[in-house]
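Note sheet for the following structure.
The values are calculated or read from the model by the stated rules, or taken from the named source; none is laboratory data. Not measured: the values here are computed from a predicted model. Please note: Cβ atoms are built from the backbone with ideal geometry, for glycine as well, and neighbour counts cover all protein chains shown. Side chains included, ligands, DNA and RNA excluded: accessible areas come from the protein's heavy atoms. Shrake-Rupley method; radii C 1.70, N 1.55, O 1.52, S 1.80 Å.
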Amino acid sequence: MASEQIGYRGPTACAAAGITYRQLDYWARTGLVEPSVRPAHGSGTQRLYSFRDVVVLKIVKRFLDTGVSLQNIRTAVQHLRERGFRDLERMTLMSDGATVYECTSPDEVHALLQGGQGIFGIAVGVVWRDVESALSQLHGERVDTGETLVGHNPADELARRRNRAV
């Protein structure tokens, strides 16, 4: 089953990203990270987040934990959204605490480090694998039928797709 056909409810997304439900709700209502599978339509409806949404939630959490302002995080997420979140797992996001930079090569990382100010980075591939691991222990939901999937590992689907492509 394609991972695009699997959604994660709010509590599952929170557990995998390490955030509170209050943060998740606020970020969805303000458009920072909206559920791409199924948004909430009035009270009582369940938002469904994609695997990629959960990765972005965890990236936002990591930036907040290091002191980057929500405004700067919002700018970075908007940039990622404009790129269509392509190649996230190969990306390194760097920040000097004020600005977030996308680095796709070691040379770009090195150039930033040469600037002399304090820099920290998030290797998105590591976050990607952390989320895969967390979600493999939690419940997903089939988008088409609503069937609960216990312990679905998105990496299994990715491995199947890679094998088919070869």
Query raised in the report: Once amide H atoms are built 1.01 Å from N in the peptide plane, which residues 5 or more positions from Arg9, or in another chain, come under 5 Å H to H?
Result: Tyr49
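If the viscosity is 1.306 mPa s and the temperature 10 °C, what translational diffusion coefficient in µm²/s does Stokes-Einstein give for segment 28-148 when Rh comes from Kirkwood over Cα pairs?
Roughly 101 µm²/s, to the nearest whole number.
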Report task. Once you have a ≥ b ≥ c as the square roots of the Cα gyration tensor eigenvalues for segment 19-58, tell me rounded if a/c is under 1.5, and otherwise prolate or oblate according to whether a/b is larger than b/c. Result -> oblate
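Suppose the chain between Thr99 and Glu34 were pulled fully straight at 0.36 nm per residue; how much longer would it get relative to their current alpha carbon spacing? Intermediate values should be presented prior to the final figure.
Values: separation 65, 0.36 × 65 = 23.40 nm, distance 2.21 nm.
Here the segment from Thr99 to Glu34 would lengthen by 21.2 nm.
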Report summary line: The answer for segment 1-118, accessible area per residue at 1.4 Å probe in Å², is 52 Å²
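Rounded, prolate or oblate: which fits segment 72-122, taking a ≥ b ≥ c as square roots of the Cα gyration tensor eigenvalues, rounded meaning a/c under 1.5, else prolate when a/b beats b/c?
On the way: a/c = 2.76, a/b = 1.40, b/c = 1.97.
Oblate, because a/c is 1.5 or more while a/b does not exceed b/c.
Select from segment 41-125 those trypsin sites (Lys or Arg not before Pro) which occupy a DSSP coil region and have at most 16 other Cβ atoms within 10 Å, ordered by residue number. Walk me through the numbers before you get to the answer.
Values: sites: Arg47, Arg52, Lys58, Lys61, Arg62, Arg74, Arg81, Arg83, Arg86, Arg90; in loops: Arg47, Arg83, Arg86.
The qualifying sites are Arg83, Arg86.
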Query raised in the report: With charges only on Cβ, +1 for K and R and -1 for D and E, what is the dipole size of segment 69-127 about its Cα centre, in debye, rounded to 20?
Result: 220 debye
